[in-house]
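Enquirer: Below is one structure. I have some questions about it.
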Amino acid sequence: MGAEAQPSSLEELGWDDRWAAALADAGVAGAPARVAIVYQDRLAVVDGARTRWAELRGRLRRRLGDDPAHTPAVGDWVVIADNPGGGMATVEAILPRRTCLIRQAAGRRTAPQVVAANVDTIFVVTSPNRDFSPRRVERYLAAIADGGAAAAVLLNKIDLCEGELARWVAELEAVAGDAPVHPLSATSGAGLDALAPYLGRGRTLAFVGSSGVGKSSLINHLLGAERQAVAEIREEDDKGRHTTTHRELMAIDGGAGGLVIDTPGMRELQLWTDEPAIGGTFEDVEAIAAGCRFRDCKHRGEPGCAVVAAVAEGRLAAERHAAFLKLAAEQSAHQRQRAGSARIASRRRARLARADGDVEG
Ligand SMILES: Nc1nc2c(ncn2[C@@H]2O[C@H](COP(=O)(O)OP(=O)(O)OP(=O)(O)O)[C@@H](O)[C@H]2O)c(=O)[nH]1
Ligand SMILES: [Mg+2]
Ligand SMILES: [Zn+2]
């Protein structure tokens, strides 16, 4: 965390009775702290008294294997032990996450990455420009639903909407499901009041969305300070620049307003979700699919497919059907990949367990 007023208690960092119970269940000696930054193998952790660096204990690292979904992420609660030798403090355990946002890491590797942990509400930020994509917003919302956090969509830069605001909002509302859509502008200040109900002591918010949509600008507004660097000038197409370079947990009003996680704009958010996530965001399609003749109907024109019939009859938008099929195809591809990497990881863990006699594996 930075130099402004800092949380002075665990409660201001989000600690509560349920976390205390989780700590007791963990049965590990040490003090709780929250992860503010992950930098290579080190973590900056905060506990209301100070910020310090810690590293994963070797034994814990081995037991967790190399699955990034199980290594600490910004927002995690961890158990920290001082190093009597004077070296860096060690992370003894990660408390089970209440929510997390997982994404497929950029590139072709299949290792998932935890974007943020224990976030209450995740804001999916978008802006009215050539990159505008309700489909991308829809994917973010599906991934967020899978990780258990609440979501809201922020249409930023409405000062650039030129009288077409209702159209942009309607396009987002068509894919947002239960998530509210808030039109606002970090520059003009319009609509920013809509964020107030999400703030509060112990609450954690995160901002995700493409580079240049104005995540850091909105966060600076919440922090009441030019805390996060914002792109000075931005080309019209919003491409080619990434201003925020790492994820970080920051306190609003010294913790009285809660905590906020800024993230660098992501080029892609590939999904890493299980089947049920589709249900949350495509409830309309799912409801229609309940009428398909075959339980395992793929909705690609099989006999008795109620979804294809609904599209033909104009009761379901063709794009909505296409988005559903695309998401389903991606999910099954990832499931195949994941089954493959799980086999490799379990072989590796078995090898390590044999190597150091750690039967906990
Ligand atoms: N017109 C207008 N410009 C805005 C608004 N909010 C942010 N901007 C501008 O948009 C540009 C990008 O803003 P950032 O806050 O850096 O965007 P970001 O989402 O944090 O981008 P990354 O850190 O690269 O992911 C900057 O030049 C901002 O000044 C707004 O409401 N209206
Ligand atoms: Mg930024
Ligand atoms: Zn069907």
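Enquirer: Among the candidates Leu160, Leu165, Leu155, Leu184, which residue alone is crowded, with 19+ Cβ neighbours inside 10 Å and either over 21 Å from the mean Cα position of the chain (by Cα) or among the small types (Gly, Ala, Ser) (or both)?
Expert: The match here is Leu184.
Enquirer: Which residues, counting only those in region 178-191, are at pLDDT 95 or above and either part of a helix (DSSP H, G or I) or within 12 Å of Val153 (Cα to Cα) (or both)?
Expert: Ala179, Pro180, Val181, His182, Pro183, Leu184
Enquirer: Please find, within region 192-225, the residue that is surrounded by the most Cβ atoms within 10 Å (Cβ to Cβ) out of those that are more than 9 Å from ligand 2 (Cβ to nearest atom), among the hydrophobic types (A, V, I, L, M, F, W, C) and part of a strand (DSSP E or B).
Expert: Ala206
Residues checked against (1) surrounded by 21 or more Cβ atoms within 10 Å (Cβ to Cβ); (2) under 27 Å from Ala150 (Cα atoms); (3) modelled with pLDDT of 95 or more; (4) hydrophobic (A, V, I, L, M, F, W, C):
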residue	(1), (2), (3), (4)
Ala3	no, no, no, yes
Leu13	yes, yes, yes, yes
Val28	no, no, no, yes
Thr51	no, no, no, no
Arg57	no, no, no, no
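Enquirer: Show the residue pairs that are 6+ apart or on different chains and have beta-carbon atoms under 8 Å apart, the first residue being within region 153-165 and farther than 15 Å from Ala179 by Cβ, the second being surrounded by fewer than 15 Cβ atoms within 10 Å (Cβ to Cβ) and among the β-branched types (Val, Ile, Thr).
Expert: Lys157/Thr187; Asp159/Thr187
The values are calculated or read from the model by the stated rules, or taken from the named source; none is laboratory data. Keep in mind that this is a model prediction, so the values were computed, not measured. Cβ: placed from backbone, ideal geometry, glycine included. Neighbour counts: every protein chain shown.
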